[in-house]
1. Return the residue satisfying two criteria in turn: it lies in segment 130-139 and is touching a Gly at 6+ places or on another chain (Cβ under 8 Å) and not in a strand (DSSP E or B), and of such residues it is most open to solvent (accessible area, probe 1.4 Å).
2. Among (1) closer than 28 Å to ASP345 by Cβ; (2) over 24 Å from the mean Cα position of the chain (by Cα); (3) modelled with pLDDT of 90 or more, there is one condition ILE111 misses while meeting the rest; what is its number?
3. Condition first: closer than 28 Å to THR159 by Cβ and either without any contact (Cβ under 8 Å) to a residue 24 or more places away in the chain or open to solvent by less than 60 Å² (accessible area, probe 1.4 Å) (or both). Can you find one or more residues in segment 228-235 that meet it?
4. Report, by residue number, each residue of segment 9-31 that is in contact (Cβ under 8 Å) with a residue 12 or more places away in the chain, part of a helix (DSSP H, G or I) and over 15 Å from ALA73 (Cβ atoms).
5. Restricting to segment 246-268, name every residue that is surrounded by 15 or more Cβ atoms within 10 Å (Cβ to Cβ) and either of a type in the set (S, T, N, Q) or part of a strand (DSSP E or B) (or both).
6. I'd like to verify a number: residues in segment 274-312 that are under 14 Å from ILE328 (Cβ atoms), open to solvent by 40 Å² or more (accessible area, probe 1.4 Å) and without any contact (Cβ under 8 Å) to a residue 24 or more places away in the chain, how many?
Amino acid sequence: MSDIATLEPQILRDISAASDEAALEAVRVAALGKSGSVSALLRTLGSMTPEERKSKGPLINGLKDRVTEALTARREALKNATLDARLNTERLDVTLPLRDPPAEVGRIHPISQVIDELTTIFADMGFAVAEGPDIETDDLNFTKLNIPEGHPAREMHDTFFFNPKPDPGSAPGAGGSRLLLRTHTSPVQIRTMLSQKPPIRVIIPGRTYRVDSDQTHTPMFHQVEGLVIDKGSHLGHLKWILEEFCKAFFEVDQVKMRFRPSFFPFTEPSLEADIQCRKGKDEVRFGEGEDWLEILGCGMVHANVMRNCGLDPDEYQGFAWGMGIDRIAMLKYGMPDLRPFFEADVRWLSHYGFRPLDLPTLAGGLSS
């Protein structure tokens, strides 16, 4: 058994010297594999006499068991060393602050915020919200609003027209059926008067489209219009509604407004409203100062518009107003350029946006 006496120390030294699991596997194959040194000794048992097998068998099997135990112990040691190395290099600093949850990181776009503010203010005055499609007909966008074909006001709108649909029975676009992207939200006023009976009290926020693009104009922008139709509506009601809106929206205790004559085809008389303010270098402050800023257009609904919607102007009268949502958002929150509203820059939105759960309320503050 001199082979066992010399073989065992060599195998144990090779096991101890194995630096990783791959080297240890090579030692195992060299000792216990099909052609391994220990396996070769085990194969000699078959050619031994019973007496030799009884004396040499325990020695050879004992060698196999000791080599197996040494391999198992070394493999466990190598696994523990590998784990320790990973733990030392893949540390997690639990002292770092947690990441903010999505409700804290996400931001509401200022346009969405201002629409919520408008809806909150006018809902408190008893107004409902009316909506309509962005794609309108020439009839609803112009003709029924007292802007017939050839009217100069059509040229002021810089309209996005769709290609006329072929109609073998008439000229293209005849009857006001040609489609376009609405240039104002006023077609929803027509839709409302055609579908509802007075009294009517609605606001109409939404997207509008005109061929224009610069620092204060974009091809797509947002408007909100208001409409009141009743038997006793008059300009005094209109003035009170607009003053109360401005006080609530700009969160000031008082405002001074002035109304100047203007012209809109769908209202008569037509007015433009200015709000008193103080214009600084980088901001506009409302409720103080000696400057004036135009903020909206308004007027009494034209009798022709009433007739076009099947309402008798001798029985009913009403008033309407319209303002740019993007413009009043810029005035209230100090945004110098309109174009970033539509550029989807996360940095801009992080600065000017609003927390998702800070819903505007009149009691808690619109923009607090």
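The values are calculated or read from the model by the stated rules, or taken from the named source; none is laboratory data. Since we're looking at a predicted model, the values are computed, not measured. Here the Cβ is made from the backbone with ideal geometry for all residues, glycine too, and neighbour counts use every protein chain on show. For accessibility, only protein heavy atoms count, side chains too; no ligands or nucleic acids. Shrake-Rupley method; radii C 1.70, N 1.55, O 1.52, S 1.80 Å.
1. The initial filter retains those residues of segment 130-139 that are touching a Gly at 6+ places or on another chain (Cβ under 8 Å), namely 131-132, 134, 137-139.
Pick out the ones that are also not in a strand (DSSP E or B) and you get 131-132, 134, 138-139.
Numbers: GLU131: 154, GLY132: 25, ASP134: 37, ASP138: 11, ASP139: 33 Å².
Among them, the one singled out is GLU131.
2. Single failed check for ILE111: (2).
3. yes
4. Result: ALA30, single match.
5. MET257, PHE259, SER262, PHE264, THR267, GLU268, listed by residue number.
6. Here the count works out to 1.
Here is a yes/no grid of residues against (1) among the polar types (S, T, N, Q); (2) loosely packed, with under 14 Cβ neighbours inside 10 Å; (3) at positive phi; (4) at pLDDT below 85:
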| position | (1), (2), (3), (4) |
| --- | --- |
| GLY36 | no, no, no, yes |
| LEU42 | no, no, no, yes |
| THR49 | yes, yes, no, yes |
| SER55 | yes, yes, no, yes |
| PRO58 | no, yes, no, yes |
| THR72 | yes, yes, no, no |
| GLU90 | no, yes, no, yes |
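Residue-by-condition table, conditions (1) closer than 24 Å to VAL202 by Cβ; (2) surrounded by 10 or more Cβ atoms within 10 Å (Cβ to Cβ):
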site: GLU76; (1), (2): no, yes
site: LYS79; (1), (2): no, yes
site: THR82; (1), (2): no, yes
site: ASP100; (1), (2): no, no
site: GLN113; (1), (2): yes, yes
site: ASP124; (1), (2): yes, yes
site: ALA128; (1), (2): yes, yes
site: PHE142; (1), (2): yes, yes
